[in-house]
Amino acid sequence: MNIGRRDLLLAAASLAVASAGGRAWAAGDRKVGYAIVGLGYYGLNVILPQFVNCAHSRVAAVVSGDPAKARATAARYGVPERSVYSYETFDRIRDNPDVDVVYVILPNSMHAEYTIRAARAGKHVVCEKPMATSVAECEAMIAACKTAGRKLMIGYRCHFEPTNLEAMRLARAGAAGRIRYVRSEHGFVQGDPTRWRLKKALAGGGSLMDMGIYSLQAARYMTGEEPVAVTARESTDRTDPRFAEVEDMIEWLLQFPSGAIASCLSTYSANQNHVLLMGDKGRIELEPATRYDGNRLWTGKDGRSQEITPPAGPAKTQFAGQLDHMADCIAAARSPIVSGEEGLRDMRIIEAIYRSAREGSTVKL
């Protein structure tokens, strides 16, 4: 039997979701302690509330530049005062035995620094996507964690999301036949020109470094292939104050070894969340594809002929599945399915996308 990368990805993802539900847990009753670094919207309103859904993970510390917010958040989640840190006192986390994992939820330009500092403090790391702002930073993060003997995982939550997992399974099972074309488009209307995501020094780029990650990831994990070439084009209105420093819309075409192609898009000036796979026997479509909830899946030959309800996984949510996956990897002494190397692969392609758009040429990967 010919087992391709798509099969291996799906098998690993299925095992990860099962493990997050507790079937591979072997570390006793103690829950793995997380330090949440960064109390912006995502850390405060998305990740922290998810620990109630976790089987093997808990909040053990918080790190913030806002002392009042840090103390209030700690009180809300039962974190003791001794486990509240500022960015200046962050390195003292090495002396806190309650903290096993540091979850870095900071602007992109800060990911490398805090991942490396966490590893040197002897802690495992989960780092939000994009992993960093350059290939060099990604490589330094991986090296630091390897030197420290710590695990590094990137916050690719869709690898724990049932709709995406079912779409991957259907693609592997041949529901659409041989995949020939993928369309992957993600964007929203970015309104406030003062947000850090519109500052190149903090974000490293515009929509590609934010929503483009979803488009790129879906093209890779739905085909189970790595692209061999990319051709990109950017469209940005530089008179718009939102885009004085970073790109708005960028589209790119990926070529895969099988001959399949993927047309991808990221934008900060339109609302879209869509993934489509077309094969010689039909299609698999997700819309919305990668939201926090409410994702939907169809299969069909000419259009949306049948909606598919994915089976519920053991994890209550994709976020809990992600958090507990790292806990399970620590308990089972194995690597996360979305490791630092996965983040590095994306960043290499992202650098090629920017280069292609800048030079107006096809870049081989």
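The values are calculated or read from the model by the stated rules, or taken from the named source; none is laboratory data. Quantities reported herein were computed from a predicted structural model and do not represent experimental measurements. Every residue, glycine among them, receives a Cβ derived from its backbone with ideal geometry; neighbour counts consider all protein chains shown. Note: areas computed on protein heavy atoms with side chains; ligands, DNA, RNA excluded. Shrake-Rupley method; radii C 1.70, N 1.55, O 1.52, S 1.80 Å.
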With every protein chain in place, the accessible area of Glu307 for a 1.4 Å probe, in Å² rounded to the nearest 10, comes to 90
In whole Å, largest first, the alpha carbons of region 316-365 cover along the principal axes 47, 23, 10
Here, chymotrypsin sites (Phe, Trp or Tyr not before Pro) of region 62-167 satisfying both criteria (DSSP loop; at most 11 other Cβ within 10 Å) are none
Log10 I(q)/I(0) at q = 0.10 Å⁻¹ for region 81-218, from Debye over equal alpha-carbon scatterers, is -0.45
Rounded to two decimals, the Debye log10 I(q)/I(0) of region 179-304 (Cα scatterers, no solvent) at q = 0.11, 0.14, 0.23 Å⁻¹ is -0.40, -0.62, -1.27
Over the Cα atoms of region 216-364 the radius of gyration and the largest Cα-Cα distance (Dmax), both in Å, equal 17.9, 53
The FRET efficiency for Lys281 and Thr362, from their Cβ-Cβ distance with R0 = 25 Å and rounded to 0.05, is 0.25
The Cα radius of gyration of region 223-266, divided by 2.2 N^0.38 Å with N its residue count, comes to 1.48
Rounded to the nearest 10, the angle in degrees between the Cα long axis of helix 340-359 and the longest principal axis of the Cα atoms of the chain comes to 50
Stretched fully, the stretch from Thr309 through Lys146 gains (0.36 nm per residue minus C-alpha distance, one decimal, in nm) 54.7 nm
To the nearest 10 degrees, the tilt of helix 212-223 (Cα long axis) against the first principal axis of the alpha carbons of the chain is 60
FRET efficiency (Asn53, Ala333; Cβ distance; R0 22 Å; to 0.05) is 0.35
Using alpha-carbon positions, the gyration tensor of region 121-200 gives root eigenvalues a ≥ b ≥ c; with a/c under 1.5 called rounded, otherwise prolate if a/b exceeds b/c, else oblate, the class is oblate
Over all viewing directions the Cα convex hull of the chain casts an average projected area in nm² of 18.0
Here region 194-264 gives, from Cα atoms, an Rg and Dmax in Å of 13.9, 43
Taking a straight Cα-to-Cα line shorter than 27 Å from Lys69, and setting aside same-chain lysines fewer than 8 residues away, one finds Lys31, Lys123, Lys129, Lys199, Lys200
Full extension between Arg291 and Ala229 adds, at 0.36 nm per residue less the Cα distance, a length in nm of 19.5 nm
Given Cβ charges of +1 for Lys and Arg and -1 for Asp and Glu, the option among Met209, Tyr268, Pro193 whose Cα lies farthest towards the positive end of the dipole of region 143-273 is Met209
Checking rank on 276-287, 197-208, with mean other Cβ inside 10 Å and highest first, the result is 197-208, 276-287
Between Arg348 and Asp29, the two model label points (7 Å from Cα along the beta-carbon direction) sit apart by a distance in nm of 4.7
Scaled by the rule-of-thumb 2.2 N^0.38 Å, the alpha carbon Rg for region 102-168 gives a ratio of 1.17
